[in-house]
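Take a look at the structure set out below.
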Amino acid sequence: QVQLVESGGGLVQTGASLRLSCAASGRTYSSYAMGWFRQAPGKEREFVAAINWSGDSTTYAASVKGRFTISKDNAKNTVYLQMDSMKPEDTAVYYCAASPGPVVTRPSQYPYWGQGTQVTVSS
């Protein structure tokens, strides 16, 4: 089992920055990929970004590419999502997820999830 706890959400204005953190604990395998997803009210959960265990492979959704950056600190078992130039459409609950193996982008491919953290961007 892998436990994931997100933090860092909040209310910001358009154009501002925010950094989310996800701390992993429990049985953490060296081959796990980590992903960030988000879900806005009335919408399906969507992929945001993912990174492999070693941190040398990342992938992003088109809607956030160039504005968001995913990174990780394996010594701290923590993955981060730096969000810059934020827009109102970034408003959602953001979830951290873990998947054994390579980087993947579908929610169904992630067996472990955090509880989510709310991010609200005001216009």
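Taken as a whole, region 14-23 holds at least one residue that is under 14 Å from T117 (Cα atoms) and among the polar types (S, T, N, Q).
Those strands (runs of 3 or more DSSP E) of region 1-112 in which at least 1 residues are more than 19 Å from S123 (Cβ to Cβ), considering only elements entirely within it, cover 2-7, 18-26, 32-39, 46-51, 58-60, 68-73, 78-83, 92-100. Among the residues of region 8-61, those identified as under 13 Å from V103 (Cβ atoms) and of a type in the set (V, I, T) are V48, I51, T58, T59.
Residue pairs whose Cβ atoms lie under 9 Å apart, separated by 6 or more positions or on different chains, with the first residue in region 101-121 and more than 12 Å from E6 (Cα to Cα) and the second open to solvent by 50 Å² or more (accessible area, probe 1.4 Å) and of a type in the set (D, E, K, R), are P107/E44; P107/R45; P107/E46; V121/K87; V121/E89.
Here the condition is being surrounded by fewer than 15 Cβ atoms within 10 Å (Cβ to Cβ) and at pLDDT 95 or above; of D90, D84, it holds for D84 alone. The set of residues from region 54-67 being open to solvent by less than 60 Å² (accessible area, probe 1.4 Å) and at positive phi comprises just one member, G55.
For the residues I51, I70, the requirement of being free of Cβ contacts under 8 Å to residues at least 40 places away in the same chain and open to solvent by less than 30 Å² (accessible area, probe 1.4 Å) singles out I70. Looking only at residues in region 1-27 that are surrounded by 15 or more Cβ atoms within 10 Å (Cβ to Cβ) and of a type in the set (V, I, T), the one that is farthest from A92 (Cα to Cα) is V2.
The values are calculated or read from the model by the stated rules, or taken from the named source; none is laboratory data. Given the structure is predicted, the values throughout are model-derived calculations rather than measurements. Cβ sites come from the backbone with ideal geometry, for glycine too, and all protein chains shown count toward neighbours. Calculation scope for accessible area: heavy atoms of the full protein, side chains included, ligands and nucleic acids excluded. Shrake-Rupley method; radii C 1.70, N 1.55, O 1.52, S 1.80 Å.
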